[in-house]
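See structure below.
Derivation of every value follows stated rules applied to the coordinates shown; laboratory data play no part. Keep in mind that this is a model prediction, so the values were computed, not measured. Because the Cβ atoms are built from the backbone with ideal geometry, glycine has one as well, and the counts that use them run over all protein chains shown.
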Amino acid sequence: MTYRFIDTHCHFDFSPFTGDEPASIQRAAGAGVMAIVVPAIDAASIDRVLDLGARYPALYMALGLHPIVIENHQDADLEKLEAALAARPERLVAVGEIGLDLYREDPHFERQEAILDAQLKLAKRYDLPVILHSRRTHDKLAMHLKRHNLPRTGVVHGFAGSLQQAQRFVALGYNIGVGGTITYPRANKTREVMAQLPLSALVLETDAPDMPLNGFQGQPNRPEQAARVFTSLCELRPEPAEEIAQALLDNTRALFGLSL
């Protein structure tokens with residue numbers, strides 16, 4: 001049986017998809033991935049994502065400034081982001097990818113927090129959910145989310161924290177993104193988290209072309225791999241596959257306000 005999926009996180013404006021968009025969308029559809037959410041990471045990618053969203057009905061847009069390239073973001077980029085959100089392009093579904101990251105040597109963390117807070121305010125102003133990046137910052141991020149109290153909440157993508165940290169996000173109304181990490185047998189902590197969280201909190205993602213699945217190391221990740229992530233999730237969960245597939249779809253539709 002072929003299930004229907006939505007990849008809630010794919011950087012489709014990067015190689016290997018650039019210049020190969022129609023074939024890549026078709027490949028994804030062949031695996032049941034009927035829609036793909038494409039998050040921007042900086043001012044330049046805002047333009048690329050807007051262009052993709054205008055050209056391909058299977059692609060949905062998220063616009064935001066990512067903490068991993070914090071030194072590139074100018075205050076004018078926030079103005080550009082707000083102008084793009086205010087224009088309300090069709091299939092704009094979220095502010096993202098935004099968040100916090102303490103992985104790097106010099107994270108410019110106060111600047112990260114300021115840029116995050118500004119974007120959370122924009123999400124509230126334009127009544128959009130958020131797609132969140134968090135590396136070594138789950139507790140700090142949860143504090144920001146609690147303070148801003150967004151009506152539309154969002155998803156913590158690429159989650160690799162503890163069950164307690166995940167439950168805190170869920171208690172705040174946020175979804176948790178399930179990605180390729182769970183295909184690695186050694187990723188015990190993340191696999192156990194995804195097995196124990198309420199099914200109503202989960203959405204499917206690839207983070208393509210990043211985060212290749214087990215067995216595909218060294219290759220660019222692709223949105224059709226969402227189907228393999230789903231298979232791994234089914235091995236971890238007690239519910240039947242049909243119930244899991246439907247819940248992932250329903251959760252994603254509710255999160256992003258999708259009617260497909």
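Near HIS108: Cβ cut-off under 13 Å, other residues only, Lys/Arg at +1 and Asp/Glu at -1. The net charge is -4.
Candidates HIS9, SER200, PHE109 compared by Cα position along the dipole of the stretch 5-256: farthest toward the positive end lies SER200, with charges placed on Cβ. Derived scalar couplings between HN and Hα for the stretch 168-179 equal 5, 4, 5, 4, 7, x, 9, 7, 10, x, 9, x Hz in order, rounded to whole Hz, by the Karplus curve 6.51 cos²θ - 1.76 cosθ + 1.60 (θ = phi - 60°), x for Gly and Pro. Relative contact order for the stretch 101-247: 17 percent, from Cα pairs under 8 Å spaced at least 6 residues apart, divided by residue count. Paramagnetic label reach from ALA54 (point 7 Å along Cα→Cβ; backbone nitrogen cut-off under 13 Å): within the stretch 11-37, no residues. Can you count the Lys pairs in the chain with C-alpha separation below 20 Å, eight or more apart or on different chains? Value for the chain: 6. Of the trypsin sites (Lys or Arg not before Pro) found in the stretch 104-146, those in coil by DSSP whose Cβ has at most 15 other Cβ atoms within 10 Å are ARG104, ARG136. Approximating the spin labels as points 7 Å out from Cα along Cα→Cβ, the GLU242-to-PHE216 distance works out to 2.7 nm. Would you mind telling me which residue in LEU81, LEU202, LEU102 has the biggest mean-square fluctuation in a Gaussian network model of the chain, where springs connect alpha carbons within a distance under 10 angstrom? Greatest mean-square fluctuation among the candidates belongs to LEU102.
For the stretch 67-137, the Cβ-based charge dipole about the Cα centre amounts to some 320 debye (Lys, Arg positive; Asp, Glu negative; other atoms uncharged). Only alpha carbons enter this Debye calculation for the chain, each as an equal point scatterer, and the log10 of I(q)/I(0) it gives at q = 0.07, 0.08, 0.11, 0.16 Å⁻¹ is -0.21, -0.27, -0.53, -1.22. When only the Cβ of Lys, Arg, Asp and Glu is charged (+1, +1, -1, -1), the dipole of the stretch 60-200 relative to its Cα centre reaches about 580 debye. So how strong a dipole does the chain carry about its Cα centre when Lys and Arg Cβ are +1 and Asp and Glu Cβ are -1, to the nearest 20 debye? Once rounded to the nearest 20, the dipole reads 600 debye. Comparing ASP106, ASP51, ASP20 in a Gaussian network model of the chain where C-alpha atoms under 10 Å apart are linked, the largest mean-square fluctuation is found at ASP106.
Taking amide hydrogens as placed 1.01 Å from N in the peptide plane, the amide H of ASP210 sits under 5 Å from those of HIS11, ASN221, each at least 5 positions away in sequence or on another chain. In the stretch 171-188, which residues have a backbone nitrogen under 18 Å from the label point lying 7 Å from GLU235's Cα in the Cα-to-Cβ direction? Once the point is set 7 Å along Cα→Cβ of GLU235, 178-188 turn out to lie under 18 Å by backbone N, inside the stretch 171-188.
With a simple spin-label model that places each label point 7 Å from the Cα along the Cα-to-Cβ direction, the separation between GLU21 and THR2 comes to 2.3 nm.
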